[in-house]
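Report on the structure given below.
The values are calculated or read from the model by the stated rules, or taken from the named source; none is laboratory data. Please read all numbers here as calculations on a predicted model, not as lab measurements. Cβ placement follows ideal geometry from the backbone for every residue including glycine, while neighbour counts extend to all protein chains displayed. With ligands, DNA and RNA removed, areas are computed over all heavy atoms of the protein, side chains included. Shrake-Rupley method; radii C 1.70, N 1.55, O 1.52, S 1.80 Å.
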2 protein chains.
Amino acid sequence: MAYRATEFTESRKAQTRARLLKEARKLVSREGFRGLSIAEVARRSAIATGTVYRYFPSKSELCVAVFEVATQREIEAVTAASEQIEGPVQQLRAALECFIQRAMQNPNLAYALIAEPVDPELEQTRLNYRAQWAEVFSRLLQQGIRRGAFIAQPERLCATALVGAMAETVIIPLQQARHGTPENNPVIHPLTQAHCQQIIAFCMRAVVTPEGNS
Amino acid sequence: MAYRATEFTESRKAQTRARLLKEARKLVSREGFRGLSIAEVARRSAIATGTVYRYFPSKSELCVAVFEVATQREIEAVTAASEQIEGPVQQLRAALECFIQRAMQNPNLAYALIAEPVDPELEQTRLNYRAQWAEVFSRLLQQGIRRGAFIAQPERLCATALVGAMAETVIIPLQQARHGTPENNPVIHPLTQAHCQQIIAFCMRAVVTPEGNS
DNA sequence: CCATAAAGTGAATCCGGATTCATTTCTTGA
DNA sequence: TCAAGAAATGAATCCGGATTCACTTTATGG
């Protein structure tokens, strides 16, 4: 035999893959998934169009990968934010706040992840990840219920409702903020701070026991 | 001059248009918007493909029309349901209940209207109609706030959150129910009655004053 | 330096359904 | 019945970006 992948080649390959993902994410952050064309990603990654298919079997798999990486990052950030604090009520509040804050930080990406129309395969992925989001809140709820801070109820359903409320209330401000916000030029939408608190208040009321202070 | 549209011709034209809309809606109720092709609608309406363009300038305009008619009908049903009753709390409850009930009655259509991935133009329409939904709830909230039954708060934002919570909690059961439900063979998803009440309970907690009984 | 296998290339092809348009058929008022 | 305008027809065209593939280049081990 005369050829076998060596660690050097392997890492090179991994690098290229990472580069593809990064460039793809940039494009999505700029113009959403509809701004993502194989040819463009290839160009920006300095490889040929066809080569992309050595790394991702199809465009939609690339989209899915981009989506997953980006969403995972968000989930981790929100989770981390909640873990920095004690007490179920405060934790939930922190999580919600972090979610909104980050969305407003990069409205284009947030919009793409939450609401942009995409083809079915990607939409299915989105659906799965909504379930993951619900899972995040579900855990927080569970703890709070155990300690009597939250109303006893099917946490999963409740968490889903929270996800819905958060996503919906954020979409419109997001759309407003979405136009002309370069990826690394954070702009807080004027409405946000007030809105943010109102949204959170809504969520907390739906969930916290009357006694449970905030 | 030798030709001018006569009332007969006009009504014939209106009929054809209505038939197109109806057949299109049927298709959407069966397979969502992605199951809607101009050729198929034409076939079922017993006219030629090209003729469709006499009635709708493009496919997406047809989609938008279908969406609008269907959604408007839903909005009216929900509004009507709330108006049959007295008292803000009961009214809101009735509206939410009606929303869910109808969604489960025709899961395919509901899914298409609420969550199916569609192209941007239609998605924009959906966005506008979400605002209309929010408007429906907003009015109910306003009345309730005036009478002290609901917590004082920006109704619009709150209504938006309600819309989000409702849509999100309904999507998954919807997807389960979606497969193999002929348009006129109502099936209540097993989970619904319990779920429905839980969802409503969530919404009410977020909105009703501690004193406001249910 | 060679043979082999993998990776890279990018122009050509594919694709499926929307849209068009030259032609035919129908309506109307005279 | 006729002329002229409207409506209907449906096969042919269009479209834009994903995907392919015959060929070139690069990496590996002997």
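Placing dummy labels 7 Å off each Cα toward the beta-carbon, the span from A:Arg19 to B:Arg19 is 6.0 nm. Solvent-accessible area assigned to carbon and sulfur over segment A:6-55 amounts to 46 percent, based on a 1.4 Å probe.
Note on B:Glu211/A:Thr49: beta-carbon distance plugged into 1/(1 + (r/R0)^6) with R0 of 60 Å gives a FRET efficiency of 0.35. Our Cα-only numbers for the protein assembly as shown put the radius of gyration and Dmax at 24.2, 88 Å. Relative to the longest principal axis of the Cα atoms of chain A, the long axis of helix A:120-146 makes an angle of roughly 30 degrees. Ratio to report: Rg/Rh of segment A:7-207, with Cα atoms as the point set and Rh obtained by the Kirkwood method; give two decimals. A ratio of 1.03. Name the longest site-free stretch of chain B, where the excluded sites are GluC sites (Glu not before Pro) in a DSSP loop with no more than 16 other beta-carbon atoms within 10 Å. For GluC sites (Glu not before Pro) (loop position, at most 16 other Cβ atoms within 10 Å), the longest site-free span of chain B is B:87-182.
Springs join every pair of Cα atoms under 10 Å in this Gaussian network model of chain A, and among A:Lys59, A:Lys22, A:Lys13 the largest mean-square fluctuation is at A:Lys13.
Can you pull out the buried accessible area for chains B and A, both sides counted, probe 1.4 Å, rounded to the nearest 100 Å²? If you can, show how the numbers build up before the last one.
On the way: alone 11830 and 11830 Å², together 20980 Å².
For B against A, buried area totals roughly 2700 Å².
Taking Cα atoms only, the orientation of helix A:59-83 departs from the longest principal axis of chain A by about 40 degrees.
Tell me, what is the per residue accessible area of segment B:60-207 in Å², probe radius 1.4 Å? Write down the numbers at each step before the final one.
Values: 5900 Å² over 148 residues.
Per-residue accessible area for segment B:60-207 comes out at 40 Å².
With Cα atoms defining each centre, segment B:8-73 and segment A:59-80 are spaced 38 Å apart in the structure. Amide H contacts of B:Phe150 (H built 1.01 Å from N, in plane; Pro and chain starts excluded): B:Ile145, B:Thr209 sit under 5 Å, all sequence-distant by 5 or more or on other chains. Angle between the Cα long axis of helix B:7-31 and the longest principal axis of chain B, 0 to 90 degrees, nearest 10? That works out to roughly 60 degrees. Contact residues in segment A:90-126 (at least 50 Å² less accessible area with all protein chains than alone, 1.4 Å probe): A:Pro117.
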